[in-house]
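So the structure is just underneath, and the comments pick up after that.
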Amino acid sequence: MFRRTPLHLAALAVMAALGTASLPAEARDVVVHAGRLIDGVAARPREKVSILIHDDRIAEVRDGFVTPEGATIVDLSAATVLPGLIDAHDHIMSNYSGKNPVAERVQTSVIDTAFDSVQNVRKTLDAGFTSVRDVGAETSAIVALKRAIARGAIPGPRLWVSGYPLGPTGGHGDPQNGMRPDLDFHSDGRVVDGADEAAKVVRRMHREGVDLIKIMPSGGVLSIGDDPNHTLMTDAEISAVVATAHSLGMKVAAHAHGRDAIIRASELGVDSIEHGSFADETAYKVMKAHGTYLVPTLLVADTVVRVAKAHPETLNPSSAKKALEVGPITIANLGRAYRAGVKIAFGTDQGIAPHGTNAQEFALMVRSGMTPMDAIKAATTGAADLLDAAADVGSVQSGRYADLIAVSGDPMADITELERVRFVMKGGDVVKGWTAPAPAR
Ligand SMILES: [Zn+2]
């Protein structure tokens, strides 16, 4: 039998004083009265609904306002309730500083970045994003951040992380690009050449705790020396990554701007194309046939165009020119992909635009031609499917985590309501209490 020694009791007393005693938590029953519910699944909002929550999960969704005995009521009867939102393309450890980016690269350490990320995850959670797929950060740091949130050490969204994106020597993910050749940026484990090396690095990243793999089959915009239109990975390299990742239960996200890279990555079985800037009708046909998601990242495209015009010196050399070419095309293309029937998952590429402004992506999606409901589904059930986590997040249905947000108006009529999230619950815990809008004057 387990005996409580004096030392153990003293430890418990200290933990209790710190509010972290690990005594068994009491079961909790909560009921949320939602004036209007957009559940992520139904084609239309429902009116006057009760969401019954037991501990951290949704037990049942019932019509009308009901209050089971012993349940604590959360009154959102004047609000629109939605599932916690999902950003499927975030860089939650990255911050645009507005300073010289080359100097930043040699003067800022991953530990500086890690401290800043504690604020970034809080801002993102408060903005209503209870789940985030991070597709590019220092591997050990982002895995540690994910674990810190999961054990409750710091508040933040549930994280699915890729760690370092993988690409070839001189490609979009190579930190040596544009740097003096004798400087060593420790590109081991992120720069991969050849199928064997790619497979080995994927296995190692799985061992280090990542949830998915991100690859860079095309060049990019914010890097030095690579061209977004170039295809930089061989079919053998892409196939090796996809086969190895899938066999380990991990999805593959492919950063791809150029048409050729988009088509080949989709045909070779990646799960999502990120950005997809220079896709044409053929590319959309291939993506549709293979069930490949497009993660459009309009917010970063919009932001870098503005930064490139106002402050080109704060981007890497040659990036401003690339941003002005690529940005407007990325934004215009979402409407074409949507009409072609390509599956779409919401993603912002946050890290240039300030953390917590993620929901600005919605207005850009609607401007590109998506209906408000389909834009919301891209950030709920769509993104959850891409994360392979639809049984846990992305909808208000029994069995899912009680991840809920609320806004005061109707996002069907004004999608920018989602930029003013007034209530956030994660796993049954209210992490941002309801704040009513200021009365009109
Ligand atoms: Zn990105």
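Brief remarks follow.
- Pick from region 148-196, criterion among the hydrophobic types (A, V, I, L, M, F, W, C) and within 16 Å of the ligand (Cβ to nearest atom), ranking: surrounded by the fewest Cβ atoms within 10 Å (Cβ to Cβ): LEU159
- When residues of region 255-313 are limited to those that are in a loop (DSSP other than H, G, I, E, B) and open to solvent by 40 Å² or more (accessible area, probe 1.4 Å), the one farthest from the ligand (Cβ to nearest atom): ASP280
- Subset of region 345-354 [surrounded by fewer than 24 Cβ atoms within 10 Å (Cβ to Cβ) and of a type outside the set (Gly, Ala, Ser)]: ILE352, PRO354
- Residue under evaluation LEU232, criteria (1) within 16 Å of the ligand (Cβ to nearest atom); (2) at pLDDT 95 or above, criterion not met: (2)
- Restricting region 232-254 to residues that are among the hydroxyl-bearing types (Ser, Thr, Tyr) and open to solvent by 30 Å² or more (accessible area, probe 1.4 Å), the residue that is farthest from ASP87 (Cα to Cα): THR234
- Scanning region 321-341 for residues that are among the aliphatic types (A, V, I, L, M) and open to solvent by 20 Å² or more (accessible area, probe 1.4 Å) turns up LEU324, ILE329, ILE331, ALA332, ALA340.
- The set of residues from region 344-378 being more than 16 Å from the ligand (Cβ to nearest atom) and aromatic (Phe, Trp, Tyr) comprises just one member, PHE362.
- Among the residues of region 39-83, those identified as among the β-branched types (Val, Ile, Thr), over 28 Å from the mean Cα position of the chain (by Cα) and part of a strand (DSSP E or B) are VAL49, THR72, ILE73.
Yes or no, residue by residue, for (1) modelled with pLDDT under 95; (2) assigned by TED's automatic domain parsing to the domain that holds GLY156; (3) more than 16 Å from the ligand (Cβ to nearest atom):
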site	(1), (2), (3)
ASP56	no, no, yes
ARG62	no, no, yes
PHE65	no, no, yes
ILE73	no, no, yes
LEU76	no, no, yes
ALA79	no, no, yes
HIS89	no, yes, no
GLY98	yes, yes, yes
PRO101	yes, yes, no
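- Residues located in region 105-127, provided they are closer than 30 Å to TRP434 by Cβ and either more than 12 Å from the chain's Cα centre (by Cα) or not assigned by TED's automatic domain parsing to the domain that holds GLY173 (or both): ASP116, SER117, VAL118, GLN119, ASN120, ARG122, LYS123, ASP126, ALA127
- Just one of (1) in contact (Cβ under 8 Å) with a residue 60 or more places away in the chain; (2) in contact with a helix residue (DSSP H, G or I) (Cβ under 9 Å, 6 or more places away or on another chain); (3) of a type outside the set (Phe, Trp, Tyr); (4) closer than 27 Å to GLY194 by Cβ fails for ASP235. It is (1).
- Count - residues of region 68-106 that are polar (S, T, N, Q), farther than 27 Å from SER318 by Cα and exposed (fewer than 13 other Cβ atoms within 10 Å of the Cβ): 1
- Considering GLY341, GLY409, the condition of being outside the structural domain of ARG259 (by TED's automatic domain parsing), part of a loop (DSSP other than H, G, I, E, B) and away from the ligand (no atom under 16 Å from the Cβ) is satisfied by GLY409 alone.
- Failed item, numbered, when THR380 is tested on (1) closer than 16 Å to GLU417 by Cβ; (2) hydroxyl-bearing (Ser, Thr, Tyr); (3) open to solvent by 10 Å² or more (accessible area, probe 1.4 Å): (3)
- The number of residues in region 144-168 that are in contact with a strand residue (DSSP E or B) (Cβ under 6 Å, 6 or more places away or on another chain) and over 18 Å from ASP126 (Cβ atoms) comes to 6.
- SER94 satisfies every condition listed in (1) within 16 Å of the ligand (Cβ to nearest atom); (2) at pLDDT 95 or above except (2).
- Counting the residues of region 112-147 that are more than 16 Å from the ligand (Cβ to nearest atom) and either without any contact (Cβ under 8 Å) to a residue 12 or more places away in the chain or basic (Lys, Arg) (or both) gives 6.
The values are calculated or read from the model by the stated rules, or taken from the named source; none is laboratory data. For clarity, every value in this text was computed on a predicted model and none was experimentally measured. A quick note on method: Cβ atoms are made from the backbone with ideal geometry, for glycine too, and the neighbour counts reach across all protein chains shown. When the accessible area is computed, the model is the full protein with side chains, heavy atoms only, and any ligands, DNA or RNA have been set aside. Shrake-Rupley method; radii C 1.70, N 1.55, O 1.52, S 1.80 Å.
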